[in-house]
Amino acid sequence: MSILGLKKKQAKTFKVKVSTMDAEMEFSCEVLDQEVPKDSLITFHFLAKFFPEKVEDELVQEITQHLFFLQVKKQILDEEIFCSPEASVLLASYAVQAKYGDYDPNFHKPGFLAQDELLPKRVLMQYQMTPDMWEEKITAWYAEHRNITRDEAEMEYLKIAQDLEMYGVSYFSITQNKRDTELLLGVDAQGLHIYSPNNKLSPNKSFPWSGIRNISYSEKEFTIKPLDKKKEVFKFYSSQLRVNKLILQLCIGNHDLFMRRRKVDSIEVQQMKAQAKEEKARKKVERQILAREKQMREEAERAKEEMEHRLFQLQDEARMANEALLRSEETADLLAEKAQIAEEEAKLLAHKAAEAEHERQRLEVTALKTKEEKRLMEQKMREAEQLAVKLVEQSERRLKEADHLKQDLNEAKDAERRAKQKLLEITKSTYPLIAAYSSPPPSTGPESPDRTVDMASSIRMDFKDSDMKRLSMEIERERLEYMEKSKHLQDQLKELKSEIESLKLEEQHQAGLYSLRSYTEPPYIPHSNRNSAYMAQMAFYEEV
């Protein structure tokens, strides 16, 4: 026998990958009688095939509870188990508690659930709500689950899930006997249920395990025999052989578990429950100890922080006190200097106050004087106005008088021309007589011819000289009198203007203390009107 013959024949293996809800494992298995592909990787999913009736009693080990929680959560999110929106939000809050622990607003900022899948898509599409609004609703429930551990949160999640209508139900398409009516068969921990194809929540007929005597299977036909023989036997058909075997396995397994749950637990199960109970108690004590230690540590840290804060506070207070002492010393020196300066300022202010009082008294006297001067000035202005009005009236009167005089003069001229004409006529008529008597005739009467001629000539000369002199003297006298009065009025107006200008200069000198109202100059006659009478008289003189 050769050495090669002594070696064992190496067994053929194939690669297998087992996926759980939170991990994956790969290893090699020997090839027995299974017909499996030898070259490709085969994947198996490790899932719960039979659902417990009461999760709190049947899920003993913590790892079993965790894996089952992940499986049920995935079925709810994938909508394999129907869940209302309200229950979905509550379940999501327990899932968040199991993953993140107690809610801390300082750590769990808005948006911390953005990457987590917590609600079924059907629920998200049912309402017009943003992800932030859903997160706010979930966080409101999440904040209420404080001090709940991960396994407790998962158990609360499963307690709610086991009451859902589709929890643990496996659905299969069947047809009813003879009529080929399409129906749905549901198999769960409670029994068998018949549903309409479009309604998986409310069964049309149910057969609890406690009421089933026998389930038989022959090729494609299933027969359910009730325990009560009076009830009708129910038959249904399934066309797929592989599915039929699965239905039979589920029926046998769920029925077996149903019967076993109603019996006393075996020694092994009791030991497992006792160990699980002890483990839970131990973990609870450990959690309490850890919580106490955590609390003591937090208290110690808070005390340390308070002591450090107090120390920093005392250091700050000491530093501030030292700085305040230095500032107080500097302030004392500064106050002493300020006191000296204030004393000097007080003396200066007292001196200025005395000067101000003196100035105030002077200004009061000046104000009184100014008021008196104003009163006198106003009186002079009124008098000047009255005088101007009077002069205007006199000018108008003189103008009228000049017109009358001019008219009289014209009349006198006319009379003079008439007199001259008459005298000329008389002279012409008497000239022959005068020539005839050119030698002096003897005197026949009291008067001679020469006497007659001399009388006529003297009459004419006396008339002309006396009237003209009288008129000229009267006109000259009126002219001189008017010019004198006009000059006197002009002098008074100039004097009044100079006094007003001097008062204005004095008011500008006292600006800021008193405000005097401005005075307008007294109304005066324009130059053209004021001298109209005078111009008329001059024209009259020139004409004469």
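The values are calculated or read from the model by the stated rules, or taken from the named source; none is laboratory data. In this text, all values refer to a predicted model and were calculated from it rather than measured experimentally. All Cβ positions, even for glycine, are placed from backbone atoms using ideal geometry, and neighbour counts span all protein chains on display. Protein only, heavy atoms only, side chains kept; ligands, DNA and RNA dropped before computing areas. Shrake-Rupley method; radii C 1.70, N 1.55, O 1.52, S 1.80 Å.
Some points to look at:
- Listed residues Met307, Met129, Met377 arranged by accessible area, highest first, probe 1.4 Å: Met307, Met129, Met377
- Förster-model FRET efficiency, 30 Å R0, Ser218 and Val16, C-beta, rounded to 0.05: 0.30
- Tail weight of P(r) past 16 Å, computed on alpha-carbon pairs of segment 51-162, percent: 57 percent
- Inter-part distance where segment 380-409 and segment 228-293 are each reduced to a Cα centre, Å: 144 Å
- Where labels lie 7 Å past Cα in the beta-carbon direction, separation of Ser498 and Ser328 in nm: 7.7 nm
- Cβ-Cβ FRET estimate between Gln315 and Asp102, R0 fixed at 45 Å, reported to 0.05: 0.80
- Here the spin labels are modelled as points 7 Å beyond Cα on the Cα-Cβ line, and at Leu363 and Gln288 they lie 9.3 nm apart.
- Accessible area of segment 270-436 divided out per residue, in Å², using a probe of 1.4 angstrom: 82 Å²
- Expressed as a whole percent, the accessible surface of segment 198-356 that belongs to carbon and sulfur atoms is 56, based on a 1.4 Å probe.
- By average C-beta atoms within 10 angstrom, highest first, the peptides 295-305, 137-147: 137-147, 295-305
- Extension gain, Glu416 back to Met296 (0.36 nm per residue minus Cα-Cα distance, nm): 28.0 nm
- For segment 24-63, size of Cβ-based charge dipole, Lys and Arg +1, Asp and Glu -1, in debye: 120 debye
- By a 1.4 Å probe calculation restricted to protein chains, His351 has an accessible surface near 100 Å², given to the nearest 10.
- Computed E for Arg375/Met483 - FRET, C-beta separation, R0 25 angstrom, nearest 0.05: 0.15
- Computed with a 1.4 Å probe on the full set of protein chains, the accessible area for Met320 sits at about 110 Å².
- For segment 51-162, the carbon plus sulfur part of the accessible surface works out to 53%, probe radius 1.4 Å.
- Of Thr175, Thr43, Thr223, the order by accessible heavy-atom surface (1.4 Å probe, DNA, RNA and ligands excluded), from most exposed downward, is Thr43, Thr175, Thr223.
- Fully extended contour minus Cα-Cα distance, from Ala346 to Asn147, at 0.36 nm per residue: 64.1 nm
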